[in-house]
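Scroll down for the structure; my scribbles are underneath it.
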Amino acid sequence: MVTLRDVAAHAGVSVSVVSRVLNSDPTIRIRPETRERVVESARLLRYAPNSAGRSLRRARTHLLALVVPDVTNATFTDLVNGVETRALDHHYSVLLASSPRMQPGSDGFNRLLSERLVDGVLLQKDDSAPTELVSRALSHPERTVMINSGPVEGVRSIAIDDVAAGALAAHHLLELGHTSIGYVGGVPASDTSARRQQGVENALTEAALTLSREHVTSLGYTYRSARDAVRILLSRDPRPTALVVGNVNAGIGALTEAAQMGIAVPRELSVVAIHDIWPAITCAPALTTIRLPMETLGSTAVDMLLDGAGAEHVETVSRVVDDPAPSWCCGSPPGLPLGSEYSPAFASHAPRRRARHPGAGGRLLTPPAVDAHPPGRPRAPPPARPWSAARRAPMSAASPTPQWHGVVVPPSSR
């Protein structure tokens, strides 16, 4: 193993100079060529610092822990990417933990900070755990940032603008003509579900409508719980014509249960799910989703955690990531008029010719089985376009009148 002494001998300087150069000591005064010679010697000899010794000297491990409820949940993928990328920018590594034995209050969780195994913890609590109880169970709140929670007394927290996400989903359904909208929510203790439901209610209030208590469930975000919730909602009389689902995993369950009940989506029911994961596009029909800035959430959480690194007391801050705002991932883009040539409405009367409304950054294709031309008018041959320009598929969010929706594929994703 190459030591500082080896590097010093190779560069022709003292061990002290090598140590101060490689540790970027701002007070050292040496010639630039000497500094370059030390750095080049370390590179040629493949010198690697002793992390254990450095941690003892600085009382830092340069490790962060990210604790999530379920590491197999695809909704956390972008969050993990954001945390890891920003941590590496600060020369930190990330430990990923997901287990009932690693939840706040457990011996495993408390050891992380009490025994200085990591410098800080980013905590995404389980939805079923009340936020107040979790915050009181933290042994070192000054070295913890709670994700997708807040505001929390005595703990720094950061969340996504869930209210805006819920409102965006509801506004889209209102624009499609729905007036009876239901909400498939998380468990009662879920912070995110409560905020997303508030966004739905705000949008309905603006439209002089209300979210009926009979059209709201709080069984959870899982695939199975969503199936149970949708069966309950679609058995009501009258039943909602559209659903906002608080989580994409639950949205997939909603589509499955609607199909099992013989309710055609989007012909008889529109579904919009909050969050986005790649399996959503593989559903039949493809699930209309709202993308949340999870990667930005993760990177900003790391910045918050490291801002207070080493301090015994930190100011309690609660932040909301609103830039970028929640946005459409799949489905008809907001503002595209219904019944346009790209999304012709099925109706009992003869369809009328519509004006063209090209989507931004891509093309929307009309499924070939749909006759969007009035009788007697010859059909113009479709222009040649690459398969990657669009995907022909009915989406899960549609107007009460049966409706086809294409998917806009931005140039950056081709």
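The values are calculated or read from the model by the stated rules, or taken from the named source; none is laboratory data. Computed from a predicted structure; not experimentally measured. Quick reminder, even Gly has a Cβ in these numbers, built from the backbone with ideal geometry, and neighbours come from all protein chains shown. Calculation scope for accessible area: heavy atoms of the full protein, side chains included, ligands and nucleic acids excluded. Shrake-Rupley method; radii C 1.70, N 1.55, O 1.52, S 1.80 Å.
The table below gives the values:
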quantity	calculated
Dipole magnitude of segment 4-49 about its Cα centre (Cβ charges: Lys, Arg +1; Asp, Glu -1), debye to nearest 20	40 debye
Gain upon complete extension [Arg111, Ser24; 0.36 nm per residue less C-alpha separation]	28.2 nm
Phi to ³J(HN,Hα) by Karplus 6.51 cos²θ - 1.76 cosθ + 1.60 over segment 83-96, Hz, x for Gly, Pro	5, 5, 4, 5, 4, 5, 4, 9, 6, 10, 10, 10, 9, 9
Per residue accessible area in Å² of segment 162-293, where ligands, DNA and RNA are left out and the probe is 1.4 Å	38 Å²
Accessible area of segment 4-49 belonging to carbon and sulfur atoms, whole % at 1.4 Å probe	51 percent
Per-peptide average of other Cβ atoms within 10 Å, ordering 274-283, 205-214 highest first	274-283, 205-214
Per residue value of the accessible surface for segment 4-49 (all protein chains in place, 1.4 Å probe), Å²	69 Å²
Cβ crowding within 10 Å averaged over residues, with 256-262, 237-243 ranked highest first	237-243, 256-262
For segment 272-288, Karplus couplings with θ = phi - 60° (6.51, -1.76, 1.60), whole Hz, Gly/Pro x	10, 10, 8, 4, 8, 9, 4, x, 4, 7, 8, 5, 10, x, 4, 7, 6
Local electrostatic count at Leu133 - Lys and Arg +1, Asp and Glu -1, tallied over other residues with Cβ under 14 Å	-3
Extension gain, Thr72 back to Ser235 (0.36 nm per residue minus Cα-Cα distance, nm)	55.5 nm
Residues with amide H under 5 Å from that of Leu66, placed H, sequence gap 5 or more	Leu95, Leu96, Ala97, Leu122
Solvent-accessible area, 1.4 Å probe, carbon plus sulfur percent, for segment 162-293	52 percent
Under-5 Å amide H pairs with Arg319, H placed in peptide plane, nonlocal only	Ser157, Ile158, Ala159
Check: segment 171-274 dipole with +1 on Lys, Arg Cβ and -1 on Asp, Glu Cβ, in debye	240 debye
Highest-first arrangement of 162-170, 293-301, where packing means the average Cβ count within 10 Å	162-170, 293-301
Inter-site label distance for Trp278 and Ala208 at 7 Å from Cα along Cβ, in nm	4.7 nm
